[in-house]
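To start, the structure under review is shown below, and the notes come after it.
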Amino acid sequence: MLRSILVALDDAPSAVAARDLAISYARRTGAKLTVAVVLDRPHTRSDHEAVPLGAGAFKEHRDAMLTAQAEAEAQKALADCAAAAHGLDYTVLRLEDAPAPALAKAGAAHDLIVLGRDCTLGREQADGGVAPVIEDLLRDGARPLVVVPAGWQAPGTGPVICAYDGSAPAREAFHLFALLDLAGDAPVRVAALGGSEADARKLAEEGVTCLRGLKAEAVPLTGNDVAEAVLGEVRRSGARALVMGAFGGSSFIRMLVGSTTDVLLRDCPVPIFVAR
C-alpha cells in the first residue's frame, strides 16, 4: 500500500509531468504527498571554489545572483504546483543540500520518489537525457523511483509492462511494485526475452510469481537486444508504465554507457518504476 510520495519540482517539462503523475497517485491512493524544491546551496554558493586574488567581490555577486535565481525558480515551481493540485493537501519541503544527498535523505521517509527524466535540480545538467540524480539515487539504493519523460500524459487504457530478466533487482522491483499497489486497475504483463520462445515464456512466468499475487499475463519476447524488445512491447501494447529492476547489477553500478538500464531510462516513452 502506497502511503507517502516525494516528488521533486523544477521547471523542466519532465519534472512538470512527474509532478502531475505524483498528484494523480496521491488522489487515487490517498497517499500523503510531499513536494520538494532543491536549492542546492553547495553549488549556488560555490563554497569550495578557488577564487583568484581580487575576484572575491565578483564571486560574492555571482553567488548572490545564483541564490536569487534558485529561490525564484523554486517559488515559481511551488506556485505552479499549487495550481495543478487543485486543493489537494500536500507538504512543501525546501532542500538545501545538493540534489542526490538531499533527495536520498528526504526519500527515506517516503515510499516512493517521483522525478522527471531530465530534471535540472539545482545546477545539474541532464547529459544524455537522464538527470545525474537518477543514477546517483539508484546506485546508492534509495527508495524506488518513478522516472517520468517529458510530455507524458496518462492514457485512458493500456497495460503496465513488467520487464523481467531473472535478476535480484528485477525481483525486488516487482515485489515493491506489487506491495505499493501502483498498478491500480491496469492490466499487468510480464515480458521476458529468452533464447527461445519457450525459454522466454518460462522466464516471464517466473516473473509473474514475483508479483506476489498480483494478477498478470506472461509475455515472451523475441529478439537479440533486451532494451529493443522491451521498448517494442511498450509501444505495441500502448503501455501506461514500465516496471524494471536496474538491469545488469554491477554493470549498472559502473554506469556503462549503452547498458540496458541506461537505454530504457533514456528512451522509454512512459514512466518507469525502477528499483535495485
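Rule-based calculations on the coordinates, nothing more; no lab input. Remember, predicted model here, so these are calculated numbers, not experimental data. Please note: Cβ atoms are built from the backbone with ideal geometry, for glycine as well, and neighbour counts cover all protein chains shown.
According to the square roots a ≥ b ≥ c of the eigenvalues of the Cα gyration tensor, what is the shape class of the stretch 160-275, taking rounded for a/c under 1.5, prolate for a/b larger than b/c otherwise, and oblate for the remainder?
Working: a/c = 1.31, a/b = 1.18, b/c = 1.11.
Here the stretch 160-275 falls in the rounded category.
Quick one: HIS86, HIS110, fewest Cβ neighbours within 10 Å first, how do they rank?
Values: HIS86 8, HIS110 22.
With the fewest neighbours first, HIS86, HIS110 line up as HIS86, HIS110.
Which order do THR120, THR91 fall in if you start with the one that has the fewest other Cβ atoms within 10 Å? Provide the component values of the computation, followed by the final result.
Values: THR120 19, THR91 11.
Ordered from fewest to most neighbouring Cβ atoms within 10 Å, THR120, THR91 come out as THR91, THR120.
Extension gain LYS105-GLU71, at 0.36 nm per residue separation less the Cα-Cα distance, in nm? Numbers along the way, then the final one.
Values: separation 34, 0.36 × 34 = 12.24 nm, distance 2.10 nm.
Length gained between LYS105 and GLU71: 10.1 nm.
Going by how many other Cβ atoms sit within 10 Å of their own, how do GLU73, GLU217 line up, fewest first?
Result, fewest neighbours first: GLU217, GLU73.
Could you check the simple spin-label distance between ALA79 and ALA150, using points 7 Å along Cα→Cβ, in nm with one decimal?
Rounded to a tenth, the inter-label distance reads 2.3 nm.
Could you sort 191-202, 153-164 so that the peptide with the highest average Cβ count within 10 Å comes first and the rest follow in order? Each step should come with its number before you reach the end.
Details: 191-202: 16.8, 153-164: 18.9.
In descending order of packing, they fall as 153-164, 191-202.
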